[in-house]
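The values are calculated or read from the model by the stated rules, or taken from the named source; none is laboratory data. As the structure is a computational prediction, the values presented were derived from the model and not from experiment. Note that we place each Cβ from the backbone using ideal geometry, even for glycine, and neighbour counts take in every protein chain shown. Each accessible area value is taken on the protein alone, full model and side chains, heavy atoms only, with ligands, DNA and RNA left out. Shrake-Rupley method; radii C 1.70, N 1.55, O 1.52, S 1.80 Å.
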Amino acid sequence: MKQTVINDHSVKTMNLLKLFSEYNPLDDKMFQVMDNEGRVQEPKYLPEISNERLIKAYKDMLFARTADLMAVSYQRQGRMYTYPPNFGQEAISGGLAVVMRDEDWFVPAFRELGAWLAKGATLKEVFLYFIGYEDGTVFKNAKNILPISVPIASQLQHAAGLGYSIRYKNEDSVVYAVVGDGGTSEGDFSEAVNFAAVWKAPVIFVVQNNQYAISVPFKMQTRSVNVAVKSYAYGIPGIKVDGNDLFAMVKVLNEASEYARAGNGPVLVEAFTYRRGSHTTSDDPTKYRTKDEEEMMAATDPIDRLRKYLVANNIYDASKEDELLAQFKKEVERQFNEAENYPAYPLENVFKYTYVDMPDDLKQQQIEHEKFLKWKETLQ
Amino acid sequence: MEGDLAMKVMTMVQAINNALDIKFQEDPTIVTYGEDVGVEGGVFRVTEGLQKKYGVNRVFDSPLAESAIVGSAVGMAANGLKPIVELQFCGFVYPSYNQMISHVARFHNRSRGRYKMQMVIRFPYGGGINALEHHSESMETIYGHIPGIKVVIPSTPYDAKGLLISAIESEDPIIFMEPKRIYRAIKQEVPEEKYSIPLGKAKVLQQGTDLTLIAWGAMIREAQKAMVMAKKDGISIELIDLRSIYPIDRQTIIESVKKTGRVVIVHEEPLTFGTGAELTAIINEEAFLNLEAPVSRVAGFDTIVPLPKGEPHYIISPEKIYYHILKTMKF
Ligand SMILES: Cc1ncc(C[n+]2csc(CCOP(=O)(O)OP(=O)(O)O)c2C)c(N)n1
């Protein structure tokens, strides 16, 4: 049966990507390099990363988690609006952070804080966005990143177009586009992956399978055994990877980007993870999942796992972690305060970005509104 | 009428839930589904408790795909079910717009009446809740503009229940837009029993002689606040809750305008091509000679709805309505 599914594309795939054929999604295998205790199980696939880079990756993940947890508490204090926690999913962004190059494009959904920061977004900007300023999703100093995208899966189409434009312009970059497991049910997902495949566009579609779309479990989204297996239908390589294993993520993303950069077309990466927090700050997970499940999945935590590896291999001294965390908290607090003290939102910012060339009608609406505001001051 | 029935204080969420409950009990061909509708009871808890009561075959979670939610309802309706589908937010309706405009609205016509599209498509809409992008829009016009679909917007728990019951019973497809800003903000005594409110009929909430104020959804409350301000100027205002975007209740509007000669229309959706433009045209057609001032529209700007820090600029305040009332009176 497998034979009949594999078309020309996939045969080439097999040669290029041994790893992908070894972890064939049809067998529902999940690629993992280290286990929950941080012990390397697949030494031949351990990516080459210097100790320094590894420590940086670890610290970046820890920083993202610190910021994420503090964001939730700021929201609870009424200092920020709805926020989607990343808690438990940090190794996916962490892997992207290691692999993405400056000139590569990143196409966000809304739950990949670490990847935004790696691209050059600041935490202050992220806070600004969730405090309610569009300015926060401009990511001024980040190269080649699109704004946060809320309509599920819609951003994947943009990734396909970016991929086409890269080929057209003969650029040496690739596109990383993120979506959730629920998002794979949208027509936009299928359309985007198909477009990218037909165009051989250099896009790495990363599905963060955190097993829930708000309250709806993965099993109710699809009858497929996993997300990666859908790659067969589009004639592209796909793999299910342990998204809580930084090494596995880095290895897969490296291979996928090499493959895409070489002009072979897109790759579908299913990063299997667990959303340890709520869907957003307005969600209550106790309505749809058990404490037991949460505890079981907590044992796969990506940060704990990497720490265990680093400590066991004498790469990192965890005894100073409290100090590090204190320092991170201070930094998060500093950036949050800056965001909180951002200048008030002027009226003109409501108007001035809807069009490049603002129609006279719209200018008139602003003028009329300003007249009203003057009149309003005279009230009482 | 209300006096004779057992009453219960309800929010709009509870009133809608109650209407669904009543219809589910009555009619086994009714099903409801959408994202998070089953186990969770909807992100706003509108369908809470219904899955427990009526089972997973009648109340269920769908995969995350709006086009399929509405498109599958077409097939269900063609075979005699009466689907009530929930789309999670106004801003996420659009993947299903193709199904609405290409099929839901056309099946009856295309099949020369063989297939009726008896369904209700519900979703929360409107601003004022400090939400992320795509959670604050009001776009009733783009639904009202589709021939073949009727569009209903309640402004109170009482109306929400009565209108939803009529919507479910209507043989035409209904888009039922729920003003989420007042989902829980208004509590009202609502009869526990079944009652219905006819579709396509506006409601005169207050009689007046000087000016007709037309609004709907969450804007009714803001209009009422503006009326309190105008009262000290001695202006007698007639407040009309439109309740139905399509069909528009011409008669109620024209009768009122003939009496007052002055009109202010309030809507959250953008000004240009908004429902207010249609209302103005109707008034011009049928009461032109009665007008003593141009019809005035208080509406959203023709801009993207700003994120929460900018939304206070965008959102329509009672003062702004009052300002338009005064301008129209002084014309
Ligand atoms: C088109 C669309 N429909 C509905 C929503 C509302 N919504 C926001 S997040 C979400 C669930 C997304 O689940 P998933 O894709 O698994 O990503 P996760 O939130 O778990 O990261 C839904 C239904 C939306 N944002 N966009």
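Points worth noting:
- Shape summary of the protein assembly as shown, radius of gyration then Dmax from alpha carbon positions: 27.7, 89 Å.
- Ordered by solvent-accessible area of protein heavy atoms (1.4 Å probe), largest first, the residues B:SER244, A:SER282 come out as A:SER282, B:SER244.
- Where only alpha carbons of region A:78-217 are counted, the Rg and the Dmax (Å): 14.7, 48
- Over chain B, Cα pairs under 8 Å with separation of 6+ residues give a relative contact order of 16 percent.
- Here r is the Cβ-Cβ distance between A:ASP317 and A:VAL356 and R0 is 60 Å; the resulting FRET efficiency, rounded to 0.05, is 0.65.
- Beta bridges assigned by DSSP with both partners in chain B are antiparallel in approximately 20 percent of cases.
- If only the Cβ of Lys and Arg carry +1 and only the Cβ of Asp and Glu carry -1, the dipole of the protein assembly as shown around its Cα centre is close to 600 debye.
- The smallest convex shape that holds all Cα atoms of region A:195-268, its convex hull, gives 86 Å³ per residue.
- Charge tally for A:ARG261 (other residues, Cβ to Cβ under 13 Å; Lys, Arg +1; Asp, Glu -1): -3.
- Accessible surface buried once A binds B (1.4 Å probe; total of both sides; Å²): 3500
- Once you reduce region B:117-196 and region A:104-125 to the center of their Cα atoms, the two points are 37 Å from each other.
- Assigned charges on the beta-carbon of Lys, Arg, Asp, Glu; chain B dipole about Cα centre (debye): 220
- Of the residues B:LYS258, B:LYS320, the one with the largest accessible area comes first in the ranking B:LYS258, B:LYS320, computed with a 1.4 Å probe on protein heavy atoms.
- The three principal axes of the C-alpha atoms in chain B carry coordinate ranges of 59, 44, 43 Å, sorted with the longest axis first.
- DSSP-defined beta bridges in region A:8-340 - what % are antiparallel, rounded to 5: 10
- Accessible surface area normalised per residue over the protein assembly as shown is 41 Å², counting heavy atoms of protein chains with a 1.4 Å rolling probe.
- Of all DSSP beta bridges in region B:2-191, antiparallel share, percent nearest 5: 15
- Each residue of region A:211-220 is assigned a 3J(HN,Hα), and the resulting list reads 6, 9, 10, 6, 9, 8, x, 3, 4, 8 Hz, derived from the Karplus form 6.51 cos²θ - 1.76 cosθ + 1.60 (θ = phi - 60°), x at Gly and Pro.
- Residue among B:ILE153, B:ILE22, B:ILE174 with the largest mean-square fluctuation in a Gaussian network model of chain B, springs linking Cα atoms under 10 Å: B:ILE22
- The share of alpha-carbon pairs in region B:203-330 lying farther apart than 23 Å comes to 25%.
- Relative contact order for region A:8-340: 25 percent, from Cα pairs under 8 Å spaced at least 6 residues apart, divided by residue count.
- Only helices enter this figure: runs of n ≥ 4 DSSP H residues, each worth -39500 (n - 2.57), summed and divided by the residues of chain B, yield -9500 deg cm²/dmol at 222 nm to the nearest 500.
- Percentage of interatomic Cα-Cα distances in region A:265-315 larger than 16 Å: 59
- For region A:8-340, the share of accessible area belonging to carbon and sulfur comes to 50 percent (1.4 Å probe, ligands and nucleic acids excluded).
- Region A:206-323, Rg to Rh (Cα coordinates; Rh as Kirkwood inverse mean 1/r): 1.04
- Region B:187-203 residues near the modelled B:GLU26 label - backbone nitrogen below 14 Å, point 7 Å along Cα→Cβ: B:192-199
- Efficiency of FRET from Cβ geometry, A:VAL138 and B:VAL204, R₀ 45 Å, rounded to 0.05: 0.40
- Overall form of region B:206-265 per C-alpha gyration tensor (a/c, 1.5; a/b vs b/c): oblate
- Peptide B:306-318 - average C-beta neighbours from other chains (10 Å radius): 6
- Rg to Rh, two decimals, where region B:2-191 supplies the alpha carbon set and Rh follows Kirkwood: 0.95
- GNM on chain B, alpha-carbon springs under 10 angstrom: the most fluctuating residue among B:LYS203, B:LYS82, B:LYS53 is B:LYS53.
- Loop-resident sites, region B:68-171, for trypsin sites (Lys or Arg not before Pro), counting at most 15 other Cβ within 10 Å (DSSP): B:ARG112, B:ARG114
- Mean separation of Cα contacts under 8 Å (6+ apart) over length of region B:58-175, as relative contact order %: 27
- In order through region A:112-127: 3J(HN,Hα) via Karplus (6.51 cos²θ - 1.76 cosθ + 1.60), integer Hz, x for Gly, Pro: 8, 3, x, 6, 4, 5, 4, 6, x, 5, 9, 4, 4, 4, 4, 4
- Descending Cα extents along the principal axes, chain A, whole Å: 77, 51, 41
- With a simple spin-label model that places each label point 7 Å from the Cα along the Cα-to-Cβ direction, the separation between A:TYR342 and A:LYS376 comes to 2.1 nm.
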